[in-house]
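Notes follow once the structure below has been shown.
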Amino acid sequence: MIASQTTLIRTYGTDGEFGNDNGSKNGNKKLTKEQAADLKSKAGLEKNPYILIFGAGHTSYKGSADEEKMYHVYCAIYQETKDSKPWFYDGKIWSHKYLWSKSGEAKTKEEAGRAMYTKAENGINYNRMKGVKDSTKQDVKVQLYCAYIKGVSNASDNVPGFWNDIRNKSN
């Protein structure tokens, strides 16, 4: 988590840029190859992970009362190999429990404990962290930063079946 926050602070603090968004409607960002390699090194990883994604406050908070949320890491996904079970960080603990519910409400027992949901606002699908509020008393918007997707840096998560595969391997 500290390595992820270091990447955010170093990039924003120098007016640096992350890679382009990945073509999805939620504005997820790709880390550049250099940022991904730096994150891998600071995290103490010897080889490229199959998946390494972290989520921080959305860039739409820039210039607002909630700008500091852009520097906070709220969640992470780590999967060592294609066949291993993914690990999810929900802001409190690491587990194999998939982070997202299908809706913003806990309509079913399965969804009750999920940390995140996706909600459309002005045509953008924002990831939201349940129970963590911004200054408007809404669940905080979380933008995902993709360091490694299928073992490759600067790759997009906007690949058919990618998220279903992660969900199917999780609890």
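Observations on the structure shown:
- Residues that are surrounded by fewer than 14 Cβ atoms within 10 Å (Cβ to Cβ) and not in a helix (DSSP H, G or I) were ranked within the range 105-116; the one that is modelled with the highest pLDDT is G113.
- Criterion (farther than 27 Å from A36 by Cβ and aliphatic (A, V, I, L, M)) met by exactly one of A76, A120: A120
- Flag for F88 being in a loop (DSSP other than H, G, I, E, B) and either at pLDDT below 60 or surrounded by 14 or more Cβ atoms within 10 Å (Cβ to Cβ) (or both): no
- Residues satisfying the stated conditions in the range 53-83, i.e. without any contact (Cβ under 8 Å) to a residue 60 or more places away in the chain and more than 21 Å from S156 (Cβ to Cβ): K62, G63, E67, E68, D83
- When V152 is tested against (1) modelled with pLDDT of 80 or more; (2) touching a Phe, Trp or Tyr at 6+ places or on another chain (Cβ under 8 Å), exactly one condition is not met: (2).
This table checks each residue for (1) under 16 Å from Y89 (Cα atoms); (2) in contact (Cβ under 8 Å) with a residue 40 or more places away in the chain; (3) in a strand (DSSP E or B).
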| residue | (1), (2), (3) |
| --- | --- |
| A120 | no, no, yes |
| N125 | no, yes, yes |
| K130 | yes, no, yes |
| Q143 | yes, yes, yes |
| C146 | yes, yes, yes |
| D157 | no, yes, no |
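- Filter result for K119 (under 19 Å from E67 (Cα atoms) and either open to solvent by 60 Å² or more (accessible area, probe 1.4 Å) or modelled with pLDDT under 85 (or both)): no
The values are calculated or read from the model by the stated rules, or taken from the named source; none is laboratory data. Because the structure is predicted, anything quoted here is derived from the model rather than measured. No Cβ is skipped: glycine too gets one built from the backbone with ideal geometry, and neighbour counts run over all protein chains shown. Side chains included, ligands, DNA and RNA excluded: accessible areas come from the protein's heavy atoms. Shrake-Rupley method; radii C 1.70, N 1.55, O 1.52, S 1.80 Å.
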